[in-house]
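K.L.:
The structure that follows is given in the form of structure tokens.
No lab work stands behind these numbers, since they all come straight from the coordinates. From a predicted model like this one, the values you see are computed outputs, not experimental measurements. Glycine also receives a Cβ, built like all others from the backbone with ideal geometry; neighbour counts cover every protein chain displayed.
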Amino acid sequence: MLVEFKNRETLSERVYKSLKKSILNGDLKPGQKLSQDWLAKKMKVSRMPIREAIERLKIDGLIENVPYKESRVVNFSYRDIEEMYSVRALLEAYSARLAINKIREKDLKVLKITIEEMKEHLNIKKYKQLPILNRKFHLAIYNRSGNRRLYKTIKNLWEGFPKDFFWNFPERAKNSIIEHEKIIRAIEEKDEELMEKMMVQHIENTKGRLIKIIAQVKHLSPL
């Protein structure tokens, strides 16, 4: 009975996951106010699972309270991005360094195939697949670090920021794919220092591009 119950998602859980996905992929914009009545009507559910999901998303740091008992999607500041990507650079570079001598030939093959798939989707302008493939590429590397707690921490950081719309800018996406190829070369050469350097550079470049993009579309509040 316990196993059967565990495998069943509650309505509240499904609503939570759906709202979180909508925030992370940019369907719900930073700063957008969220009416429980509007969300309930949109998702065809009662207000109760909506209320529960919003409270969980507040804990996740993706939704915040505003005056008059309303809620809105968090409007990240430059400082938020600076802090998050600085932590990511440290943890992911270290994780990549740990992983480099544990990455097998079949792992390397998966990474190369993932890059080719990213190129194909970029060429045919299927941008929504790019963040999925990008996540697959990075986590495949970090998963080989052998440090489960480090891997889990990195995953949590990846899931805590709405950045998927970044891939709707083809030139930036193209640059990131080029950087992925440099990371592959570091893996092939088994060069730990180069791997760490390339990963830091890649994340710092992503941070810089992300700040410029969000500033352009005016989604970001100043410090």
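K.L.:
222 nm [θ] for the chain, helices only, -39500 (n - 2.57) per DSSP H run of 4+, per residue, to 500?
P.N.:
Working: 10 runs with 150 residues, N = 223.
After summing the helix terms and dividing by residue count, I get -22000 deg cm²/dmol.
K.L.:
How large are Rg and Dmax for the chain when calculated on the C-alpha trace, in angstrom?
P.N.:
For the chain, the Cα radius of gyration and maximum Cα-Cα distance read 19.0, 58 Å.
K.L.:
What do you get for the angle between helix 170-188 and the principal long axis of the chain? Use alpha-carbon atoms, 0 to 90 degrees, nearest ten.
P.N.:
With both axes taken from Cα atoms, the answer is about 50 degrees.
K.L.:
Moving on to the next point. Summing Lys, Arg as +1 and Asp, Glu as -1, what charge do residues with Cβ under 9 Å from the Cβ of R72 carry, R72 excluded?
P.N.:
-1
K.L.:
Here is a follow-up. Return an integer: the convex hull volume of the alpha-carbon atoms of region 108-199, in Å³ per residue.
P.N.:
93 Å³
K.L.:
Charges only on Cβ, +1 for Lys and Arg, -1 for Asp and Glu: so what's the dipole of the chain about the Cα centre, in debye to the nearest 20?
P.N.:
Computed charge dipole of the chain: roughly 720 debye.
K.L.:
Do you know the relative contact order of the chain, to the nearest whole percent, from alpha carbon pairs under 8 angstrom that are 6+ apart?
P.N.:
This gives 27 percent for the chain.
K.L.:
Continuing with this model, one more query. On C-alpha positions alone, give me the angle between the axis of helix 148-158 and the longest principal axis of the chain, in degrees, nearest 10.
P.N.:
60 degrees
K.L.:
At 37 °C and 0.692 mPa s, what whole-number value in µm²/s does Stokes-Einstein give for the translational diffusion of region 2-73, with Rh from the Kirkwood sum over Cα pairs?
P.N.:
260 µm²/s
K.L.:
So what's Rg/Rh here for region 61-166, counting alpha carbon atoms and using the Kirkwood radius for Rh?
P.N.:
On the way: Rg = 16.6 Å, Rh = 15.7 Å.
Using only Cα positions, Rg/Rh for region 61-166 is 1.06.
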